[in-house]
Amino acid sequence: MALFARDKNGHLIKEINGIKLPFPLAEFMKIRKWGYVVSALFMAISMFFIVTKGFNWGLDFTGGVVFDTHFSQTANLEQIRDKLKEHGIETPIVQTTGSVQDVMIRLPASDNDSGIGDRVKSMLVELDSDIKIKSIEFVGPNVGEELAQGAVYATLATLAMMLIYIGSRFEWRLGLGGIASLAHDVVITLGVFSALQVEMDLTFVAAILSVVGYSINDSIVVFDRVRENFRKIRRLDTIDIIDISLTQTLSRTIMTSATTLIVVIALFFFGGPSIHNFSLALLVGIGFGTYSSIFIAIAIAYDVGLRREHMIPPKVDKEVDELP
């Protein structure tokens, strides 16, 4: 088993069978306070935009009119959007539902909702004379308020369950660091959406929950390696064990995040408007989630007192009676 120690200059070395070899250690914990400063700055900016600009709530939360239509041929979604905008409807949501001929159109609530059905049908007939409008549903603001409350409750419940899981599997200090990391990622993602005034709908809620799951997965990998190294390495302080664990998991974290971000970037640019907001939330959340798993989650756990004895159960000495 490899033993770790520091040489006379304070550099970490690795000793195997009496031969000392340099260990390429990334000492993250020495700069963790700079990480706190950067995170505090981003969170302060995010909170500033959230408080001053608020959010651009989508139809799922504000209410509106939903049309379920069937075209006689393959529907051109961009053409439908352009047609609606020509007639003064600026923010329509147009997407297929199951087939290329079935299209759902969602329009924001307005004072003229009483005749909106005939107006929209006359617009769409210009594109397809055989179009069929299967249903028209009006979603009131009360329903939107219930959806917003449900989204908040779902996010809070997820954070609470994550705290219980990490605290029971590892240690409450790691649970605290993990939840702080998740809150950090969520607040910054919300701040970006508020600053850009990107429309927030239920797909954004799904993206936030995906970010929570992705971020906590990175943190758990680090936590598990820290616990493993506490059991293997006996001659170093807690801060050194954490730096070793972060160094060992760094390549895995970078490769996983990079490959995921490549997919998300492709969705962001080529996935179409239906999932544009979803991919933007993932892009911001995963990027900051990778950062926070290193500089927030384990760093906070260390600063609130994480030590070796918290991760290793005490040994119980058993006295064995000798036979006469």
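The values are calculated or read from the model by the stated rules, or taken from the named source; none is laboratory data. Model, not experiment: these values are computed from the prediction. Heads up: the accessible areas ignore ligands, DNA and RNA and are worked out on the full protein's heavy atoms, side chains in. Shrake-Rupley method; radii C 1.70, N 1.55, O 1.52, S 1.80 Å.
Structure data summary
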quantity	calculated
Convex hull per residue volume in Å³, alpha carbons only, for the stretch 167-212	60
Across 53/134; 83/134; 85/134; 53/85, pairs whose alpha-carbon gap is larger than 29 Å	53/134
Solvent-accessible heavy-atom area per residue, rounded to whole Å², over the stretch 64-139 at 1.4 Å	55
Cα pair count fraction exceeding 23 Å, expressed as % - the stretch 171-324	46
Long-range HN-HN contacts of residue 139 with modeled amide H, under 5 Å	64, 65, 66
Compactness index (Cα Rg / 2.2 N^0.38 Å), the stretch 157-245	1.32
Karplus 3J(HN,Hα) series, Hz, for the stretch 174-190 with 6.51 cos²θ - 1.76 cosθ + 1.60 (x for Gly, Pro)	5, x, 4, x, x, 5, 4, 5, 5, 4, 4, 5, 5, 5, 5, 5, 4
In order through the stretch 132-139: 3J(HN,Hα) via Karplus (6.51 cos²θ - 1.76 cosθ + 1.60), integer Hz, x for Gly, Pro	10, 9, 6, 7, 10, 10, 9, 9
In sequence order, calculated HN-Hα J values of the stretch 211-225 (Karplus, 6.51, -1.76, 1.60; Hz; x Gly/Pro)	4, 4, x, 5, 5, 5, 5, 4, 5, 5, 4, 5, 4, 5, 5
Gyration tensor (Cα) of the stretch 64-139, equivalent ellipsoid semi-axes in angstrom	18, 13, 12
